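A quick write-up on the structure given underneath.
All of the numbers you see were taken from the coordinates with simple rules; none came from a lab. Note that the structure is a prediction, hence the values are computed from the model and not measured. Counting neighbours? That spans all protein chains shown, and the Cβs are built from the backbone with ideal geometry, glycine included.
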Amino acid sequence: MSEIKVRYEPSVIEPKWQAAWEKTEAFKTPTDLAELKKKPKFYVLDMFPYPSGAGLHIGHPEGYTATDVVARIKRALGFNVLHPMGWDAFGLPAERSAVREGIHPAVITKRNVDNFRRQLKRIGFSYDWSREVDTTDPGYYRWTQWIFLKLHEKGLAYMAEVPVNWCPALGTVLANEEVKDGKYVETGDAVERRSMKQWMLKIPVYAERLLQDLEGLDWPAGVVEMQRNWIGKSEGAEVKFKVENGGEFVVYTTRPDTLFGATYCVLAPEHELVAKITTAAQKSAVETYVNAAKQKTDLARKADVKEKTGVFTGAFAINPANGAKVPVWVADYVLISYGTGAIMAVPAHDERDHAFAKQFSLPIIEVVKAPGGDGVGGKTGGKDVQAEAFVAEGTAVNSGMLDGLGTEPAKQKMITWLQEQKLGTRRVQYALRDWLFSRQRYWGEPFPIVHLEDGTIATIPEAQLPVTLPHVDEFKPTADGNPPLGRAGDQWLMVELPDGRKGVREINTMPQWAGSCWYYLRYIDPKNDKAAWSKELEQYWMPVDLYVGGVEHAVLHLLYARFWHKVLFDCGYVSTKEPFQKLFNQGMILAHSYSVPGSGVGDGAKYYAPSEVDDREDGAFLKATGEKLNKQIEKMSKSRFNVVSPDDVIEEHGADSLRLFELFMGPLEQVKPWQTNGVAGVARFLERVWRVCVNEETGALSAKLTDAPENSDPAVQKALHKCIAAVERDTVALRFNTAISHMMTFVNEATSAKTLSKEVAKTFVKVLAPYAPHIAEELWERLGGSGLVCHQTWPKFDPALIVENMHTYGVQVMGKLRGEITVPITATEAEVREAAMANEKVKNAIGGKKVTRFVFKHLKIANFVLGE
């Protein structure tokens, strides 16, 4: 019985210290500005989660543990640390659950949030829970609505009729990324293209600033590149093409130098000119094609399919460079949402245009010669443009006034000529499109908008915010196709403004992105009911110093949040141009799965749970039948039965072991496979730490602990200071796995020492505390430390003690390692040779033979070469 009380028992220790932290509000960040200004600040932020019904899986705590370790060490280093947590809780999943279960989404959201919070607290994260935010709380989304009003005031929010992906079964619009092959990727429900009036945000107004301000950020290069590509800046010209029988359209091109090679033009199916210029003979074919194109998503239309589709309108346009007649086609690979919705096609020098020209036997004229090509017969640099497009830069040919010029000067000359002739203008273009900002759902932020009786739009006065979600009898669209808010009664729908004007509330809701665009600002001042945040507190805390989350948010969330932040900066509400100074993407944690051979991998495969599988060295076998199964490493998924719950790991090994293993698996940024049996290894490490300090037989402090000063054992003291320096250096640099290795090295040294200064033990517990806080608190208390270890200052290392003054040489004889010697780092060649000759293993290897040469390189090589 006594052994149970004194051995390392995470199930006893961890709840004890979690309760102590909660009772003392150990991690509450000061709110008084005068007090805050006494210390430097560090704002470390996790991308807050969507609280799903499934709860946390083992992949979630990886990033959360990393930020928690950083938060804890920064506090110990003397910083005020802001480390909050909240919930991105609006969205379609909760609404679907509400429909299935017949209960309000708010009830489902609270249930899920309570479970997530319980799991996070059980892992021992040092969040300031007094700052918890929930995007579905009216006290929060009041300010989301307020920010929307600011966007509207600046002319950045407007309503427009746009083509959308409409899912009749769900009664809502879906993003392009949610649709594949005409179906919703999650449910398989049919999706159709429909024109609907939607709220849009003019994010392209900020395109150049979103691009330029990436320069000063400490972000992964890959994420910066993805942001740049999504913004898609290009420089070129808009060129006017007159239609032979009347009309005109404009194309945008980044290669105006190739204008002489434009042999046809293409209009997007939605282009207003299509119906006007189509000839009677082509009308039926064009209309059929246009209607079919409307059912495809933009993503599907942009896909690089081998077979291009299109229809000739029967009309011809005039190439402004040479006066040639070029046919005008309609094709779905041209998008109305990008550029002008019309292109000039230069098949010799564009791969899509080339494929289209080959498909429909259209002319291919070479106008750019590759280096080394003679331009004869369409051959450029050994390539035949009739067979393959040449898309690189070169020298202009068959281009009149441009002939002989390189690509860049040819571009500039053509743009100048177009402007002089009033046939075109220089233009910078962005791929970034206006942001479709409304959803036909119930569980989202209501818009603070009223549609007045005269057809105009009015905003709700700020004093009347929030516009809260009304009670509705169902969360489905109405029978006539209106969003669920259309089910609200007139008491909510009908509005009279303070000036007497009357109207109907907007019944669309905002997308889930809205709440996550600014949550990092609300954390700064979450209880403020007079403003979204205090200006003075924002100036102290911003920008976020470290933002950690998955790379799946590399584009949209970060782009949208940066856009809103810049608008708020222009309005004078924030003091920084960018919200997140340093970004770090943790790698995904994968898990083994077991599937039936021949059934495939991923969706559609037949999977079995690990409990049903006998996983042996010679393969994985189904216990029930002995059938051999495929074993692979995949993304965690309920359908693959490979989701690992942190609750299960904590039950078996404790939260501190989970925390250590999450960070010890490898570099934080790498994708890693989860190995549950690997947790036992770090659990044994913590047991060794425990035994260094505690006698497992009696529960008293270990007999090896003494009251001697730290320097009583120089070797242990040196190992301690090397550990302090390395853990601090590697933790701040987010190299957590190597920091843990350094702690393991020290514990080995302390374990082998005959005695250990109690001061040394207490100092090491401070070093361990950010990583394994529960066991650290328990040992700190047992060692007689005052207060909580999480409130102690980080120990200082002595630089003199971390400098190596000894070096170990691996001594070779004839190139083979035969022994090791440790000598002063300043030892000369003669001294190293003498020490090596005295080593018994080296002497035996030489065996009395003559040494003809001693190969020596300081701190690297010591090798004896023997004669015959």
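Extending 7 Å from Cα along the Cβ direction at Lys16 and again at Ala275 yields two label points whose distance is 7.9 nm. Checked against a 32 Å cut-off, the cross-linked pairs Lys704/Lys860; Lys202/Lys296; Lys154/Lys197; Lys74/Lys758; Lys39/Lys530; Lys74/Lys535 give Cα-Cα distances beyond that limit for Lys704/Lys860. Counting Cα-Cα pairs of segment 402-464 in 10 Å increments starting at 0 gives whole-percent bin shares of 15, 22, 18, 12, 17, 15, 2.
Highest mean packing first, where packing is the average number of other Cβ atoms within 10 Å per residue, the peptides 347-356, 619-628, 762-771 line up as 762-771, 347-356, 619-628.
For the chain, a simple Cβ point-charge model (Lys and Arg +1, Asp and Glu -1, everything else neutral) yields a dipole of about 1220 debye relative to the Cα centre. Once the dipole of the chain is set up with Lys and Arg at +1 and Asp and Glu at -1 on Cβ about the Cα centre, which of Met636, Val223, Ala331 lies farthest towards its positive end? The residue sitting farthest along the positive end of the dipole is Val223. Considering only Gly182, Met200, Ser284, the residue lying farthest towards the positive end of the dipole of segment 177-309 is Ser284, judged by Cα position with unit charges set on Cβ.
Peptides 567-576, 432-441 ranked from most to least packed, by the mean per-residue count of other Cβ atoms within 10 Å: 432-441, 567-576. In this calculation the C-beta distance from Asp32 to Met588 is compared with R0 = 51 Å, giving a FRET efficiency of 0.80.
For the chain, the 222 nm mean residue ellipticity estimated from helices alone, with every DSSP H stretch of n ≥ 4 adding -39500 (n - 2.57) and the total spread over all residues, rounds to -10000 deg cm²/dmol. Note on the chain: Kirkwood hydrodynamic radius from all Cα pairs is 32.6 Å, rounded to one decimal. Placing dummy labels 7 Å off each Cα toward the beta-carbon, the span from Thr288 to Lys860 is 7.6 nm.
A Förster distance of 35 Å, applied to the separation of the beta-carbon atoms of Val185 and Glu474, puts the FRET efficiency at 0.90.
The packing ranking of peptides 271-280, 711-720, highest mean first, is 711-720, 271-280, where packing means the average number of other beta carbon atoms within 10 angstrom of each residue. Computed over segment 697-775, relative contact order equals 43 percent, with contacts defined as Cα pairs under 8 Å that lie 6+ residues apart.
The value for segment 175-321 of Rg(Cα) / (2.2 N^0.38 Å) is 1.31.
Taking a ≥ b ≥ c as the square roots of the Cα gyration tensor eigenvalues, with a/c under 1.5 meaning rounded and otherwise prolate when a/b beats b/c, else oblate, which class fits segment 731-843? Here segment 731-843 falls in the prolate category. Other residues within the sphere of radius under 11 Å centred on the Cβ of Thr763, judged by their own Cβ, net out at +2 (K and R +1, D and E -1). Relative contact order, whole percent, for the chain stands at 13, derived from Cα pairs under 8 Å and 6 or more residues apart. Dividing the mean sequence gap of close Cα pairs (under 8 Å, 6+ apart) by how many residues segment 578-723 holds gives a relative contact order of 22 percent.
Per residue, the convex hull spanned by the Cα atoms of segment 605-682 measures out at 115 cubic angstrom. Using R0 = 25 Å, the C-beta based FRET efficiency linking Thr425 and Asp570 works out to 0.35.
Can you pull the one-decimal nm distance between simple spin-label points at Met494 and Phe360, each 7 Å off the Cα toward Cβ? About 5.5 nm, to one decimal.
Straight-line cross-link reach from Lys422 at under 22 Å between alpha-carbon atoms covers these lysines, not counting any fewer than eight positions away in the same chain: Lys240, Lys242, Lys325, Lys411, Lys413.
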